[in-house]
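What follows is a short report on a single structure.
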Amino acid sequence: MADLRKRRPFLLSLSLFLLVSALLVLAFLFLDPSAQTLSVLSSRLTAPSSLAPPATPGERNPTPIPTPGNTPRSSEVPAVVDAKAGESADATEKAEESASRPDDAAFVDAAGDSGNSELPRLDAEEKADKGAAAASEGLVDDGGGDEVAAAAEVRWETCRLGRGVSAADYIPCLDNVKAIKALRSRHHMEHRERHCPVAPRPRCLVRMPAGYRPPVPWPLSRDMIWYNNDPHPKLVEYKKDQNWVTKSGEYLVFPGGGTQFKAGVTRYIQFIEQIMPTIQWGTHTRTVLDVGCGVASFGGYLLDRNVITMSFAPKDEHEAQIQFALERGIPAFLAVIGTQKLPFPDEAFDVVHCARCRVHWYANGGKPLLELNRVLRPGGFYIWSATPVYRQEKRDQDDWNAMVRLTKSICWRTLVKSEDRNGIGVVVYQKPTSSSCYLERKTNEPPVCSKKDGPRFPWYAPLDTCLLSTALSSSNEKSSWPLPWPERLNARYLNVPDDSSSANEKFDADTNYWKHVISEIYFIDFPVNWSSVRNLMDMNAGYGG
């Protein structure tokens, strides 16, 4: 009897534990608040079995699944929603629920490989009954009638890198180790050009650096960024005497120095304006191309002068230069002047700038400088700051003499050649405003491009061996420099083969449309803090409205 009394507390505790466990199981089965549970609750009550059969691999719901060891925080998991697909709320709930599972990295494209398919649009009444079924079955309307096929499933794995490639900086088209090894020559920087994988196309995710956090907001980001976002200390050590970048605690700091402007880029910009006042930053000069930009401090500080600079450099031994620029909020891209044209239309920039950009302009028959001539507008300036301009060593002087011959052959005029107080030399050339000079040369070398030289599109096109003719006379209004900024924003300088009246109408319509959309919708209705947005890519620019 005494033993039974001693065991009563234990039996009561055990009974209470079993009761609570049973209640929790019932709550999980019947009171799960997710959209999917509620939508199929009635079927659970009436069906012989409360457990649905597992989905087959072809019927799995599209879910982004993080990689082990790299599980993103809940705020970093993107909600991928196709507005055209009309997916029900239960599919979204299931995707978010699955995202918390630390399984293999995966991303499923519900639209299939074509990118044009749509899920069937369901009426409001049908969503309650068919939402879960549509999500689990992955039905796709192929636009071809009554046939319905299962959605193609695309598995996104973590990118596998070649030897010597940094995970955080991996770019499939530039880090294609197999294609680079197969190159017959590297004499013209072919290994720094784009070599995009053809088959199979890469379908992988690049991991963010450990400890990544939202970027420092503009304008503070011009001068400092989080170290963990671009953890590359090599450039700090390599360029420590030139004030490119330094490390300070959790930050990488950009003092505004450079190889050719050790006293600071602000003084360098002022020096250019002093030796050539017609540059008129921000009014006369609005668009600049900075070749071999380093960490892009030149373009970053020109933003203070209302100048838009597109900076570029190759992905070479100076690690993460462009990544630094983009993290700072400065427009930049990876490129090299090797055997292919830059991805810009003809006569696109007011000024081209090169400060020790390490390009042999006269190499390969002068093709690199001919490419600058192509993208420079008539009357535009080329600013060159490099050792051949001011040093007297034989190699530098040989380079300078070769540059003199080449610039004369393409009718560039030397406007000014000067040195600053630190002995750094700068020379400024100007491109002619018409093609008349080309016809007056004693020798037709390099020749003027003809119509049979091929189309003018620059994407994946080989460098020109000829001079692009402006086809303008000095009396033509298009040969003069554009109106001062911002008046030139609405001026119709349209270099298109379209009928002029039709092109003018399209230009005006584009301008008026974007004036309304930006001011009335983007700035007012979008939940975006535009003051914190510095960089934006327009993927269908048109006239740039």
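The values are calculated or read from the model by the stated rules, or taken from the named source; none is laboratory data. Bear in mind the structure is a predicted one, so any value in this text is a computation, not a measurement. Cβ coordinates were reconstructed from backbone atoms using ideal geometry, including for glycine residues, and neighbour counts include every protein chain displayed. Surface areas here come from the heavy atoms of the whole protein model, side chains and all, with no ligands, DNA or RNA. Shrake-Rupley method; radii C 1.70, N 1.55, O 1.52, S 1.80 Å.
List, in the order given, every pair from Lys367/Lys408; Lys315/Lys367; Lys431/Lys515 whose Cα-Cα distance in the structure shown is over 26 Å. Cα-Cα > 26 Å for Lys431/Lys515; rest within. Surface listing: Trp156, Trp412 arranged by accessible area from highest to lowest gives Trp156, Trp412, probe 1.4 Å. Residue-wise HN-Hα couplings along region 197-205, as the Karplus relation 6.51 cos²θ - 1.76 cosθ + 1.60 with θ = phi - 60° gives them from phi, are x, 9, 8, x, 5, x, 10, 9, 10 Hz; Gly and Pro carry x.
On region 229-320, 50 percent of the accessible area sits on carbon and sulfur atoms, based on a 1.4 Å probe.
Heavy-atom accessible area with a 1.4 Å probe sorts Met224, Met403, largest first, into Met224, Met403. DSSP beta bridges confined to region 261-490 are antiparallel in about 35 percent of cases.
Using a ≥ b ≥ c from the Cα gyration tensor of region 261-490 (square roots of the eigenvalues), is it rounded, prolate or oblate, where a/c under 1.5 gives rounded and otherwise the larger of a/b and b/c decides, a/b for prolate? Rounded is the answer for region 261-490, as its axis ratio a/c remains below 1.5. Given a 1.4 Å probe and the protein chains as shown, Thr443 ends up with an accessible area of around 90 Å². At the residue level, Ser166 shows approximately 50 square angstrom of accessible surface with a 1.4 angstrom probe and all protein chains present.
Sorting Arg358, Arg184, Arg413 on solvent-accessible area from highest to lowest, probe radius 1.4 Å, gives Arg184, Arg358, Arg413. Rounded to the nearest 10 square angstrom, Trp459 shows an accessible area of 140 square angstrom against a 1.4 Å probe. In region 218-247, which residues have a backbone nitrogen under 18 Å from the label point lying 7 Å from Ser531's Cα in the Cα-to-Cβ direction? Zone members listed by number: 218-222.
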